[in-house]
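See below for the structure under consideration.
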Amino acid sequence: FHSTDDPELEQILFQYGRYLLLSASRAGSLPANLQGIWNNSNTPAWGSDYHNNINIQMNYWPAEVAGLAECHTPLFDFIINARQACINATRNAFGDALPGWTARTSQSIFGGNGWDWNIISSAWYMQHLFEHYRFTQDDEFLRNIACPLLKEVCQFWEKRLQRREDGKLVSPDGWSPEHGPVEDGVMYDQQIIWDLFNNYIEAENRLHLDPHYQGVIMELQAQLAPNLIGRWGQLQEWQEDIDDPSDTHRHTSHLFAVYPGRQIIQDLHPEFAQAALVSLKARCNEKNGVPFTPATVVGDSRRSWTWPWRAALFARLKDAERAQVMLQGLLSYNTLSNLFTNHPPFQIDGNYGITAAICEMLIQSHDGGISLLPAIPQAWKKEGYFKGLKARGGYVVDCSWTDGIITHYSVRLVQEAQSKKVWVVANGQSELIIPQ
């Protein structure tokens, strides 16, 4: 494919991602792995397993927002069932003094932990459990499943964090997948730990199970070494200002705080959002004065899962046109004739990730309100609609537009949610509404 102006093809790719997730991840089944369920080999790439430094997470990014919350449950079952094996592996590697658990980068359905340690992985897993609550408002799930797991992973990091001479807390011996030095306080770790602590704090705000420990985590969160802006205006990937402006590595791990995290929100943290945009444009090989197209994104940055993550990042940063360039890049360079995304080799996460990224272009709710068409590109503005997308807080949203102007929208509650007001941003105006 070479897509430069084909909204219908982009629409098909969005729906295809939803179809693939509901086909590959049903209650009582295994979660979708690197090939979903469409592996045709006894010796598949990477063992057709689960990689937790982006891939399995990306598989489930569209689950909540695209109205497939029930498809998320196999991931939760996997986390729970792998927990004891991960506890054993964690004790063997780090000693009995650390409570909680984490995992190596590659995991199997038999409890196997392989390749290098992704020490932050369990904290990233916890984001999925809390996001499920944020979208569904399911208090029983929060109380019985999410909060106990959140707490034990918080306990792991409570003991593992180290204090620097300046009093700030850092994650020791971190690595920003899959490049750079091993050092204390890599931003990938720091941002995900912040997110973990924030999710636990919010869970406790709802449940009031352990106010004392909530206070402990609030203090730890406040003492985490913060994000930093470097010498060329970039969001730093490491504590030292060593980011290379010509680095086009496929991972954008230090931008977790923008997406799928929520530590950096454009309207609340404009300086850090701008720094994240500088980093993202550099990682995409954007040059001053050169038109930004899929063709200018080169080499290592052309990966089936790299385009969707960057599309979602640009969408969160309200850069609609660059978000669409990422969508077009996926179609142009890493999509097969049957619309499976290709790393190469074939890898399913790009199909799931691009569906989630398109949702971010149409609706965002990570900041507590609902923003409609926050990153809609010019090519989509003439006329369109969506129905049934979800927003955090337990909302279902429909929206239609003409010439880039929203002509109608509705916000209603999912069955489990309690009635409450919510701010909606439409056509640049904020409105406090009561959902039906």
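The values are calculated or read from the model by the stated rules, or taken from the named source; none is laboratory data. Not measured: the values here are computed from a predicted model. Quick reminder, even Gly has a Cβ in these numbers, built from the backbone with ideal geometry, and neighbours come from all protein chains shown. Surface accessibility is based on the protein's heavy atoms, side chains included, excluding ligands, DNA and RNA. Shrake-Rupley method; radii C 1.70, N 1.55, O 1.52, S 1.80 Å.
Here are some notes:
- The slack between SER108 and LEU268, meaning 0.36 nm per residue of separation minus the straight C-alpha distance, is 53.6 nm.
- Heavy atoms of the protein chains alone define the surface here; on that basis the stretch 344-436 has 44 Å² accessible area per residue at 1.4 Å probe size.
- Counted charge near HIS343, where neighbours are those whose Cβ lies closer than 10 Å (Asp, Glu -1; Lys, Arg +1): +2
- A straight chain from SER337 to ASN42 at 0.36 nm per residue would run longer than the Cα-Cα distance by 103.9 nm.
- Each Lys and Arg contributes +1 and each Asp and Glu -1, all at the Cβ; summed about the Cα centre of the stretch 339-429, the dipole is approximately 260 debye.
- Around ALA32: net Lys/Arg minus Asp/Glu count, Cβ-Cβ under 12 Å: -1
- Electrostatic tally near ASP243: other residues with Cβ closer than 14 Å to its Cβ, Lys and Arg +1, Asp and Glu -1, net -3.
- Dividing the radius of gyration of the alpha carbons in the stretch 212-292 by their Kirkwood radius gives 1.06 for Rg/Rh.
- Dipole magnitude (debye, nearest 20) for the chain, charges at Cβ of Lys, Arg, Asp, Glu: 560 debye
- Carbon + sulfur, % of accessible area of the chain - ligands and nucleic acids excluded, 1.4 Å: 49 percent
- Estimated from the Cβ-Cβ distance and a Förster radius of 51 angstrom, the FRET efficiency linking GLU383 and GLU202 is about 0.85.
- FRET efficiency for the GLN84 to SER400 pair, using the beta carbon distance and R₀ = 35 Å, is estimated at 0.10.
- Taking label points 7 Å from Cα along the Cα-to-Cβ direction, TRP232 and HIS408 give a separation of 5.0 nm.
- Percent of beta bridges antiparallel (DSSP, the chain, rounded to nearest 5): 90 percent
- Taking one quarter of the surface of the convex hull spanned by the alpha-carbon atoms of the stretch 13-149 gives a direction-averaged projected area of 8.6 nm².
- The chain - mean residue ellipticity at 222 nm from DSSP helices (-39,500 (n - 2.57) per run, n ≥ 4, rounded to 500): -12000 deg cm²/dmol
- Of TYR125, GLY100, PHE76, farthest towards positive along the dipole that unit charges on Lys, Arg, Asp, Glu beta carbons give the stretch 73-146: GLY100
- Label assignment, Rg/Rh (Cα atoms, Kirkwood Rh) derived from the structure, set [x] 0.97; [y] 0.94; [z] 1.00: [y]
- Relative contact order (percent, whole number), the stretch 189-253, Cα cutoff 8 Å, 6+ residue spacing: 24 percent
- When you count the other C-beta atoms within 10 angstrom of each residue and take the mean per peptide, 167-174, 292-299 line up highest first as 167-174, 292-299.
- Simple point charges give the picture: +1 on the Cβ of Lys and Arg, -1 on the Cβ of Asp and Glu, and for the stretch 21-150 a dipole about the Cα centre of about 240 debye.
- Among the listed pairs LYS387/LYS421; LYS281/LYS318; LYS318/LYS381; LYS382/LYS421, those beyond 22 Å (Cα-Cα): LYS382/LYS421
- Label-point gap, in nm, between PHE94 and ALA27 - each point 7 angstrom along Cα→Cβ: 3.4 nm
- Of the complete DSSP H runs in the chain, those spanning 24 angstrom or more by Cα along the long axis with a mean Kyte-Doolittle score not below 0.0 are 7-24, 73-94.
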